[in-house]
1. Limited to region 80-107, what total is found for residues that are more than 22 Å from residue 139 (Cα to Cα) and either of a type in the set (Lys, Arg) or more than 12 Å from the ligand (Cβ to nearest atom) (or both)?
2. When residues of region 24-79 are filtered for being in a loop (DSSP other than H, G, I, E, B) and either of a type in the set (A, V, I, L, M, F, W, C) or within 15 Å of the ligand (Cβ to nearest atom) (or both), how many remain?
3. Could you tell me whether any residue of region 108-120 is under 22 Å from residue 31 (Cα atoms), away from the ligand (no atom under 16 Å from the Cβ) and in a loop (DSSP other than H, G, I, E, B)?
4. With the checklist (1) closer than 28 Å to residue 28 by Cα; (2) of a type outside the set (Asp, Glu); (3) surrounded by 13 or more Cβ atoms within 10 Å (Cβ to Cβ); (4) touching a Lys or Arg at 6+ places or on another chain (Cβ under 9 Å) in hand, flag the one item residue 87 doesn't pass.
5. Has region 93-103 got at least one residue that is buried (at least 18 other Cβ atoms within 10 Å of the Cβ) and either farther than 13 Å from residue 36 by Cα or among the β-branched types (Val, Ile, Thr) (or both)?
Amino acid sequence: MNRRTALAGTMALVTGLMLSGCSSSDSKPELKVTGAFMPQPVSDMAGGFLVVKNDSDISDRLTSVTSPISDDVSIHETKNGKMHMVKSFEVPANGQLTLERGGKHIMFMKLKKQPKQGEKVPVELHFEKADPIKVDLPVKETNHAPMKH
Ligand code: CU
């Protein structure tokens, strides 16, 4: 190895250290949830929508969602008008995971009670790397009924 490559290697190492900055752990991304809501359900099923922002250099995955309102919460993707259950969704590094009508969403089945507009539904999002995030989904007007499977 000549002097030049050795120097380049040192520089890369220094840059790497600087990028990880003062965060206590470099293996956990910092995630933020915005725009969460649930359309007021019209049956014992409901959908949940939100955006997970990832401002770190580490990609993560949303692996599951839990809520006191249902023991049967899963994550779905709508493709060609049909919903499919998926194991996880990527939360890309320096990007975001968008759950929206007609696309990826959280699916609540067998609701224990039907929440009304103005109420809030607590959920906990579980990730592969990041710590779980608790968020309240404000219940909005129904302009979308979750489709039957
Ligand atoms: Cu669904």
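1. Taking region 80-107 and keeping what is more than 22 Å from residue 139 (Cα to Cα), we get 80-82, 84-96.
Cutting the leftovers down to either of a type in the set (Lys, Arg) or more than 12 Å from the ligand (Cβ to nearest atom) (or both) gives us 80, 82, 87-96.
Result for region 80-107: 12.
2. First, pick out the residues of region 24-79 that are in a loop (DSSP other than H, G, I, E, B): 24-30, 40-45, 55-59, 68-69, 71.
So of that shortlist, the ones also either of a type in the set (A, V, I, L, M, F, W, C) or within 15 Å of the ligand (Cβ to nearest atom) (or both) come out as 41-45, 58, 69.
Residues that pass the stated criteria total 7.
3. Checked region 108-120: no residue is under 22 Å from residue 31 (Cα atoms), away from the ligand (no atom under 16 Å from the Cβ) and in a loop (DSSP other than H, G, I, E, B).
4. The single condition residue 87 does not satisfy is (3).
5. No, the conditions are met nowhere in region 93-103.
Any read-out appearing in this document is the output of simple, stated calculations on the displayed coordinates, not a laboratory observation. Everything numeric in this text was worked out from a predicted model, so none of it was measured. Every residue, glycine among them, receives a Cβ derived from its backbone with ideal geometry; neighbour counts consider all protein chains shown.
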